[in-house]
Amino acid sequence: MPSEPFIFNNESATLCGACGGECCRTRPGIEAPGRFLAAPDPAGHLRDLLASGLWVLDTHYGVPYDPAKGERGDPDLIIRYPRPATRPEQESGGISALPGAGECVFLRADGCALPFADRPRACQALEPTAGFDCSSSWTRFDAARAWLPHQDTVAAALTRLSRPPL
């Protein structure tokens, strides 16, 4: 199993406090598969997070590819990956992302409710700037590429969600 790269804690309470968490109010970060693959039961762990109402599955349409590497895309493929829910998504009670921006369920008045090590990969990679034009070195494109080989885990989690508990 490939390990996730170590992410240096680059959060800036001063910058994020002045901004008010604009990134977190408009686009929750995406999680990498490593958190789930490290669990004894990856599909069960994903199912539990989805069932909590705090996480949803987002969708990427088409395989991201790099023509410079000779890769070819498939525009018909759908890739699903987890991320924290927005408040409207949590209120809807569903497990699928809703269209439009929304505030991350983990955003609090004093910042993120999650310790840095427990935040999604895209959140950990967020690079705050003084002009509040923050960016993340780990994008939706990266998430789709990382989750592509693990769609069986996502499918198994969804199957388990549809069954009544034992």
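Values in this text are rule-based calculations from the coordinates and carry no lab data. Note that this is a predicted model, so its numbers are computed, not measured. Counting neighbours? That spans all protein chains shown, and the Cβs are built from the backbone with ideal geometry, glycine included.
Other residues whose C-beta falls under 9 angstrom from the C-beta of V56 contribute a net charge of -1, scoring Lys and Arg +1 and Asp and Glu -1.
Under the shape rule built on the C-alpha gyration tensor, where the axes satisfy a ≥ b ≥ c, region 13-161 is oblate, since a/c reaches at least 1.5 while a/b does not exceed b/c. Mean sequence separation of contacting Cα pairs (under 8 Å, at least six apart), scaled by the length of region 13-161, corresponds to a relative contact order of 34 percent.
Using θ = phi - 60° in the Karplus curve 6.51 cos²θ - 1.76 cosθ + 1.60, the 3J(HN,Hα) couplings for region 105-122 round to 5, 8, 6, 10, 4, 9, x, 6, 6, 8, x, 3, 5, 9, 6, x, 3, 5 Hz; x is entered for Gly and Pro. Between A85 and W55, V56, V105, the built amide H atoms are under 5 Å apart, and every one of these is 5 or more places off in sequence or on another chain. Extension gain for S92 to D118 (0.36 nm times residue separation, less C-alpha to C-alpha distance): 6.9 nm. If you take the beta carbon distance between A155 and R72 as r and set R0 to 25 Å, what does 1/(1 + (r/R0)^6) give as a FRET efficiency, to the nearest 0.05? Calculated transfer efficiency: 0.60.
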